[in-house]
Structures are given as C-alpha cells and as structure tokens.
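> Structure in structure tokens, see below.
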C-alpha cells in the first residue's frame, strides 16, 4: 500500500481526497490510498509521518505552504524561488518540496487568456500568491499585489489604492485569498466591484463553491470569471507525476 495525503487546516473544503480516490479507481491504481491529515500546527507533520510509514507523498494547503519549509530536507530549485511548497515527495527518508500550484495556475491561465499582453492585480499575499507571482513574471505580465497591510515592497499596494484608473489599467484580477471558501461563502476581498466592466477577467483560485461571491459580483458587472478547479486538476496531476517518477 502506497499512501498519499493532504496536510492543512481546515480541510473541510478540500476536493483532493475525492479527486485522487476517483483517479485511483478510474485508472485501476490499486494499492494506492489518499487521506486527509487535518493538523492545527505545522509541527504535527512529524506525527503524521511517524504514524503513517507508508506515506510517499503529501500535498500542502493553507496555512502551511510557507511554514512547512523548515521541516523539509530539500527544495526543488524553482520552488526555492517561489518560497512556498504545496507538494512533498517522501523518498529514502527525505522530504523534498515542490510547488505544483505554479504549474497548475500558469497552464490554466494560458488556456484562458486570449493574449498575454495584460496587467494583473493579485488579491492576497500568502503562499498561493507566491506561485501566482512567479507564473506572471515568467509570462511577462506586470502586476501589483493587493493586501491590507502597507509595506515598502514596490510590487505591493493596499485596497485603498484601488481607484478607477488603476483598475481599468489592470484588467486581470486574481484572488489568492481564502475569502469566500466553503462554508464562509458570503465573504469576499475588499475589492471595489463597482469599478469592474466587461473588459475585466476575474480568476478566483477557490474551487469550492464553484462560483464565489466575488465571481458572482464580477459576473454581474459583465466581467468574465473563472474558478480554480482546472488549476486544481493540473496541479494534482503534476504532483502525481512527481510522486511516481523514479
């Protein structure tokens, strides 16, 4: 039996177990099992590993994508640049960190955008933001990170800086915050929805619910919207490739 799983807190919103269990059944991958390991503190990863010696791969979700790094033995080079981990390969007693969020987001964005000559506003500055930033840099898409806290970072602005001209000039909006995730579906970032038009595209990395309050509000203003389900599938397949390659 080979075991895989997901660590994070909370995990009620996660589709990962359902996705991989269905994959194992559909592809006849008997002898594989995927479980959820809901831990409130990242240090509990040691207990998860000790109690599950058959584990060969883990996914990592909020809030541990950055916190888990000190517990790893190695980081894949690109993952080191991003500074966040969402996939861990366990082999020969060592933990190797990767970031397949980057792969999933980049591929899904390429599939969705009509052209790459655009500018983006990234809502949120957590672990998911890091993967999105790297993907946008690699695609040559200028961006600002929008957060609630002012810093000296030239890439970062606060929600209060969002005026009509800035939102018009940056027509791609990417939500990397967990606001709006099931069961807190009435939450949304403090984005000025009234400034959106049919020229905007709103990509919400959340996939449960399928349409967040942010997406619904943006759609009502004529904007095109997309959730994170395709990204989830693409990053999951990238993780599976990492776990199973020699």
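The values are calculated or read from the model by the stated rules, or taken from the named source; none is laboratory data. Please read all numbers here as calculations on a predicted model, not as lab measurements. FYI the Cβ positions are ideal-geometry reconstructions off the backbone, even for glycines, and counts take in every protein chain you see.
One line per residue, one yes/no per condition, for (1) within 19 Å of residue 231 (Cα to Cα); (2) in contact with a strand residue (DSSP E or B) (Cβ under 8 Å, 6 or more places away or on another chain); (3) modelled with pLDDT of 95 or more; (4) surrounded by 14 or more Cβ atoms within 10 Å (Cβ to Cβ):
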residue	(1), (2), (3), (4)
28	no, no, yes, no
35	no, yes, yes, yes
59	yes, yes, yes, yes
68	no, yes, yes, yes
72	no, yes, yes, yes
75	no, yes, yes, yes
104	yes, no, yes, yes
118	no, yes, no, yes
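> Out of the residues in the range 45-57 that are farther than 16 Å from residue 9 by Cβ and over 21 Å from the mean Cα position of the chain (by Cα), which is surrounded by the most Cβ atoms within 10 Å (Cβ to Cβ)?
Once the filter is applied, the top-ranked residue is 55.
> Consider residue 207 carefully, then state whether it is part of a loop (DSSP other than H, G, I, E, B), in contact (Cβ under 8 Å) with a residue 60 or more places away in the chain and not assigned by TED's automatic domain parsing to the domain that holds residue 24.
Judged against the criteria, residue 207 is a match.
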